[in-house]
Every structure is written in structure tokens, then in C-alpha cells.
1. Please state which one of A:T229, A:T259 is in the same structural domain as A:A365 (by TED's automatic domain parsing), at pLDDT 85 or above and touching a strand residue (DSSP E or B) at 6+ places or on another chain (Cβ under 6 Å).
2. When you look at A:P231, is it within 14 Å of chain B (Cβ to nearest Cβ) and on the phi < 0 side of the Ramachandran plot, yes or no?
3. Can you say whether A:L245 is closer than 30 Å to A:T4 by Cβ, within 14 Å of chain B (Cβ to nearest Cβ), over 18 Å from the mean Cα position of the chain (by Cα) and among the aliphatic types (A, V, I, L, M), as far as the supplied structure shows?
4. Evaluate the following for A:V266: is it in contact (Cβ under 8 Å) with a residue 12 or more places away in the chain, touching a Pro at 6+ places or on another chain (Cβ under 9 Å), assigned to a helix (DSSP H, G or I) and surrounded by 17 or more Cβ atoms within 10 Å (Cβ to Cβ)?
5. So for region B:46-55 (the condition being assigned to a helix (DSSP H, G or I), more than 9 Å from chain A (Cβ to nearest Cβ) and in contact with a Gly (Cβ under 9 Å, 6 or more places away or on another chain)), does at least one residue qualify?
6. Kindly indicate whether A:F370 is at negative phi, in the same structural domain as A:L210 (by TED's automatic domain parsing), at pLDDT 90 or above and of a type in the set (F, W, Y).
7. If a residue must be touching a residue at least 12 places away in the same chain (Cβ under 8 Å), more than 11 Å from chain A (Cβ to nearest Cβ) and over 16 Å from the mean Cα position of the chain (by Cα), how many such residues does region B:78-93 contain?
8. Inside region A:88-127, can you point out the residues that are farther than 19 Å from A:I166 by Cβ and assigned to a loop (DSSP other than H, G, I, E, B)?
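The values are calculated or read from the model by the stated rules, or taken from the named source; none is laboratory data. All values derive from a computational prediction rather than experimental measurement. Please note: Cβ atoms are built from the backbone with ideal geometry, for glycine as well, and neighbour counts cover all protein chains shown.
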Amino acid sequence: MKATRVLAVARKTLRSLKHDKRTVGFLVFMPLFMIAIFGYTFGGSLEDVSVYVVNLDPGVGNASASEAIVAELAASGVLRVEQVIGPEGDPARSVEQALAEVEAGNAWAAIVFEENFTADVLRSVADAGSVPTGVPGAITIHLDASNPNIAQAIMNEVQLTVQGVIVSEYHLLPPMTVSEVRVYGEDAEFIDFFAPGVMGLAAMMVTFMLSIISFVHERSTGTLDRLLTTPVTEGEIVAGYALALGLVGLIQSIVILVTAVALFQVQIEGSPMLVLLIIFVLGAGNQGLGFLLSSNAKNEFQAVQFMPMILFPSILLAGVFWPIEAVPDLLRPVSYFVPLTYAVEGCRSVMIRGWGLGDVWFQLAVLATFAVVMLLLSTYSLKKRR
Amino acid sequence: MKNKGGAAGDKPGFEDGEGSVVAEKLRKEFDGLVAVDDLDLSIRRGTLYGMIGPNGSGKTTTIKIMVGRLKPTGGRARVLGEDVPIVERVADIGYMPQEMAIYTELTVSENLQLFGELYSMKPGPRAEREEELLSMVDLRERRHSLVSQLSGGMKHRVSLACSMIHDPEVLFLDEPTVGVDPELRVGFWQHFTDLKARGKTVIITTHYMDEAVRCDVVGMMRQGRLIAEGKPKELMERTSTSNLEDAFMEFSWRDAA
């Protein structure tokens, strides 16, 4: 293997990208766009979720537990209380009215405080520590759970508010507490979790795509055949491409890292260079994969058809947006065969946990093995073509 | 750089007496279809050799075997004294395929640079050679144009220049003059003649029988075989014809009979 020839192939690959202004734009802006969209979408918290409240509880004397809770809910910002119905009027009609809004899609939930809510609360408070003499105060939430995230947020909000009111209004402390001490990820937000994932995903998508399309093009125009009549060897061609596309992946990662830090204050606890090394190895491996699959595509159109096949398992199973612990048992073994899994895991550990080379050597070793195997197979498949 | 422009006979494993390009009972079948049919061929060093014949007569297949892109089904082929696919002296052959096979997304100059680098040429000599070839193919002003923006004929000329960047000992040109206007074509043939004078071997396939007259030796191919071979003049004399086209028709009839 001769370095000058490897470099010649790498230079020609980068140059042909460089002349195509739109592709250059795509390579730079696609990751930027990806991280910005994902960042703003997932980075924000839920706000102004419409709910109706049906308060059938007239309170006891001047005290009303339901009113205290409703006031807190309205102040939280997560929920927007469109209207409080009751306690005057026919209870059944009030509930019906609120339910109709949920059914019509105008609100996500109808929160109903039962008629004796405050009385039940007061008795339960008095009973505290001894045998209960009645039922606790009851809140029923009629949910439009067609969006699980919103449903979850409403339930959390109501429960947190109820707990808060119990402590502040009735001075009842829960008998047990749980507190959190963060070993890693102090101040970590969701964006810190998925930025490394998006970075790996972008690098892998683009190196794979460029590789498969370039090689289908090289095969169909006859340039690959022509190259092979010169002293350049199959291995040198593959290495040249891996070098060029690995660099492209690297540049994209830099764009993503800079954007993520500038726009979303993503933390990089460990070494950025280590993150880039992981991405480079991932890119080189995917270049090989793209190359191998390109021999099974007759034209660019067929090449593009391979993309979803490779991308979907990676997006869904590699832990980009949710942890692989959330992948069902049946599919989890597949996760361990997706190279992106290791890149995401490695980058995440370096960026959030601040791990070093000694801690992510395993992930790097898996990626390096993937790259070496892919590049050797590519070389072999080229040799077989003679 | 192995090619110094000197006599090819100096190199080990290659006797000058033997042809630069030799085929013995060379055979190539594609799924039972015979493309090259026990072809015997011997082209001496310093020859401008023209291969003529209709489409499908096996010209391109023969050349692809010689440059190592196809494996023969049977027989033997030797280039510069080495069995194909040649490895030792691969830098001493040049090949221009029939299809464009250059990087259309690169400029003219970048294509030449790439091929020069693949032949491990030093930047200085490579730049000199680039100038020379750009003049020859009349593309000096277009050197920084992307190949995709050139006309078909210009692309062909870039491709020709790429095959010659390293001044090879043996040059295989598959239809080099397609889409090249007559004036420039004359210049090309002059250049091929110069190469020959410097001891290079040039093998050209062509459809234009009239230009094959300029070759030292013409091999007429039909159905994967050589049906006639000789100096153009001899071939015409042997068939009592006045041009190669008629001579080819005459040899074809004799062969079919």
C-alpha cells in the first residue's frame, strides 16, 4: 500500500464533493439543521396543555382543598385551565360538559374533584397515623391519552401539585423521602443525552450515503475499472475513500458539536478529540458498508433503496433518542449488532460522563473491528471482480 | 517510475524478439457466448496496430483482457512479457476505455493530476506532461472546467490524455477518435505516429476504416477471430480493393465461405 496513491484517491473524492456546491451545503447544513430541529423540539418542555376542571366540592366552611389545588395547577404553566365548572349546578351536567370538550378535542383532560373532596381530605388528615375512618379525597382525571407524552405530563403535574398542597396547607410530611445525588450528568438535560446520538447518526447517514452512491457511480461510468488498470490497488482505493469520507463525517461532527454547544449549551465533559476519533472510525466503517452494498445496486436509484434498510434500525435500535434498555428484549440483540450503538454509547460517555480513552476502549475497539472488517471485505469484493 | 521511455527490451522477463502484446489461443466466453474465439495475436514493440471489425467482433473484450479487467476463459495473453493481469509492469501500460470513464465532477486538470499521481509521477514532470497533453488535445483553455460541462468530443479528449499522462510503453486505445472532429483527428494520428517512432506500442480499435490506413499493421476481427492481418496496403492488394472497408468485406465473405 502506497500512501501517495491512497492520498490521490482521497483527494479526488473530496475534490469531487467540493465542486458540487449543493452537496457541500448539504453536508454542512444537514447536521446543523438536524441538531437545531431536534434540539428545539426535544429540548423544550410541555406548556399550556388545555384542561377543564370540574369542581363539585363546595369546601368545608371557608376552606377548600380543591380550590387550593386548582390555583396551584393554574399557576404552574404546564397546564392551561380553560374553565372551572361548578361547584354550582347539576354535578352530572357539569361533568358531561367538561367531557364534551375533551371528546371534541378542545382539551386533553377533564379533572374532576368529587363532591366531598375537602371533607374527605380533612378527615383523612385527622386520621393520619391511625385506622382510616373513611375514604381519602378523590380526584378523577378523564384523559385524552392519544398522546402518551401529554397524558403523562398531566398526571405528573396533578400528582406533584397534590403532594405540594398536602405539605403546604395541611403540614403533613410524607413518612419517607427519596433524594437524588448525581454521579454523572449534573445539570444534564435531554439535549445532552441525544446530541451525541444525533452526531453519530448524521455522520453515519452521510458517509454511508456518499459511499454507496459514489461507488455505484464509479462502477456504472467505468472509472473504477479504469482505476484498476493503473498501479493503484483495490486496498488503496478503499483506504482512500475511507479516509475522505471519514474526514467528511469528522467535519460534520464538528459542525454539530459547535452548534450544540453554542445554541443549546450542551456539555462536553471529556475530550472533544476523543469524540471526533469515535466518529471518524464510525465513518470509515460505514464507508465500507456502503461500498459493499453498492455492488448489489445497478444504479443510484437502487442504491438509495438501501438507505432506509440501514438507517431505520440504527435510528431506532442504537439508543439515539431513547436508551437501548427501552428496546424490547426480542430486538435488543439486534441493537448490539448495530455499530452506531457503540458510537453513541462512546460519545455519550465522553461528553456527559467525561470518560477518557481508557473507559471507552471497548466501544472504540468494536467500531475499529467493524471498520477493519468492512474495509477488508470491500477490498476482497473488488479483487473478486477481475 | 518504471517507464523511462527507454527500450522495453531492457526489462527483465521481456525479450524484444517476442511481441509486446501476445495472445495464444485466447478465449473468452460470457455465459456460453463466445466473444473471443481462440485468438492468436502478436504485436511487436514499436508498432501502431489497428484493430478493426464490426461491433461484437471481440475488439473491446480482447483489450479488456490485455489490461487485466477481464479474465480469459482459456488460452494465454502476455503483455510486456508478463502474463495478464500484469502486475510488475502495470505502470508501463496505458488504457483508454470506450466509455468515457473519467471523473465528470472533477476539472480537466484534476483528472490528469489524479492519473499522474496514481502512476506516482513527481509534481514537476507531471505538470510538464499535463501542458504537453493539454496542447495535444487542444484543451488548454478548458483545463479548469468541470468535465461535466464539456462536449462529448472534449470529454473523449480528456480521457485520451489521461491514458497517456505517464508516457506508457504500450497504449491501448479503445475507439479514441469517436466524436473527435476531423482536424483534431489528424493531429491525434500524428501523435500516435510519433509515439511509435519513440518505440512505443499503440493498439487502437476503430470503426473508421479510412483512418486505419495510417496503422503499420491492421488486424481484421470477425466473431472473435482474426480473419486477416497485415500492412494496410497488403490487405488491399490481397483483395484487389482500393480501400480497407472493401478489403474487410472481401475477407469477411471469404471467412464466411
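1. Selected residue: A:T229, the only one of A:T229, A:T259 that is in the same structural domain as A:A365 (by TED's automatic domain parsing), at pLDDT 85 or above and touching a strand residue (DSSP E or B) at 6+ places or on another chain (Cβ under 6 Å).
2. Details: within 14 Å of chain B (Cβ to nearest Cβ): yes; on the phi < 0 side of the Ramachandran plot: yes.
For A:P231, the condition - within 14 Å of chain B (Cβ to nearest Cβ) and on the phi < 0 side of the Ramachandran plot - is met.
3. Spelling it out, it is not the case that A:L245 is closer than 30 Å to A:T4 by Cβ, within 14 Å of chain B (Cβ to nearest Cβ), over 18 Å from the mean Cα position of the chain (by Cα) and among the aliphatic types (A, V, I, L, M).
4. Spelling it out, it is not the case that A:V266 is in contact (Cβ under 8 Å) with a residue 12 or more places away in the chain, touching a Pro at 6+ places or on another chain (Cβ under 9 Å), assigned to a helix (DSSP H, G or I) and surrounded by 17 or more Cβ atoms within 10 Å (Cβ to Cβ).
5. To start, the set of residues in region B:46-55 that are assigned to a helix (DSSP H, G or I) comprises none.
The answer is no, given that none of the residues of region B:46-55 is assigned to a helix (DSSP H, G or I), more than 9 Å from chain A (Cβ to nearest Cβ) and in contact with a Gly (Cβ under 9 Å, 6 or more places away or on another chain).
6. Yes; evaluated as a whole, the condition is true for this residue.
7. 2
8. A:E88, A:G89, A:D90, A:A104, A:G105, A:N106, A:A107, A:W108, A:E115
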